[in-house]
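These notes are about the structure you will find just below.
Please treat every number below as a calculation from the coordinates, not as lab data. Just so you know, these numbers come straight off a predicted model, no measurement behind them. Here Cβ is always computed from backbone atoms with ideal geometry, including for glycine, and neighbour counts include all displayed protein chains.
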Ligand code: ATP
Ligand code: MG
């Protein structure tokens with residue numbers, strides 16, 4: 001049995017680790033789809049697909065999650081009715097989809113896939129939006145992500161990047 005988790009992972013955080021551990025109890029193999037893979041260097045999507053891939057694979061290793069997993073970048077296509085086929089064209093076959101996103105759930109359900117909504121874990125803090133906000137405001141964010149993610153973000157100077165992106169153009 002193979003399960004699919006799709007997210008943007010901007011960045012990958014402890015809520016994602018928790019949800020992957022939950023999914024790992026149910027399935028033999030986990031497919032992690034990196035959504036909006038083509039996006040980077042924006043306030044909503046600061047990190048590249050490659051950077052996010054590095055965050056995920058190092059974090060799973062660091063957390064001793066040695067289950068077979070596949071990490072697959074998935075570019076957006078501007079066509080919701082074709083999106084499930086697009087995802088299926090890029091991933092190994094899967095039996096079940098895990099997502100909290102209503103559109104993702106709707107599209108997979110209409111395609112006849114089993115869909116589950118994993119329970120949220122400390123959502124107030126374990127949230128990409130909250131972590132990006134803290135990075136911009138200069139508040140501590142490191143405790144909300146795996147150690148490996150702190151290292152990747154330092155390596156690519158991610159906080160500096162985010163702050164530069166928030167600056168206004170010269171007049
Ligand atoms: P953003 O605020 O940028 O949307 P996010 O924290 O929602 O970031 P996503 O990459 O959108 O991160 O999350 C992908 C999926 O991971 C969600 O649809 C949800 O199923 C799961 N997830 C996210 N945060 C948590 C959490 N704190 N606990 C459990 N599952 C989570
Ligand atoms: Mg989200």
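Observations
- Remark on the stretch 50-137: hydrodynamic radius 15.4 angstrom, per the Kirkwood mean of 1/r across alpha carbon pairs.
- Least to most buried among 145, 170 (fewest other Cβ within 10 Å first): 170, 145
- By the helix-only formula, in which each DSSP H run with n ≥ 4 contributes -39500 (n - 2.57) and the sum is divided by residues, the chain has a 222 nm mean residue ellipticity of -12500 deg cm²/dmol.
- The mean sequence separation of alpha-carbon pairs under 8 Å and at least six residues apart, normalised by the residue count of the chain, gives a relative contact order of 30 percent.
- To the nearest ten degrees, helix 128-137 and the longest principal axis of the Cα atoms of the chain are 0 degrees apart.
- The chain: angle of helix 80-90 to the longest principal axis, Cα-based, in degrees nearest 10: 80 degrees
- Build a GNM of the chain with springs between Cα atoms under 10 Å apart, and of 86, 16, 66 the one that fluctuates most is 66.
- Just so you know, the averaged projected area of the alpha carbon convex hull for the chain sits at 10.4 nm².
- In terms of its C-alpha gyration tensor, the stretch 10-49 comes out oblate, because a/c is 1.5 or above while a/b does not outweigh b/c.
- Between the helical axis of 49-62 and the longest alpha-carbon principal axis of the chain there is an angle of about 80 degrees.
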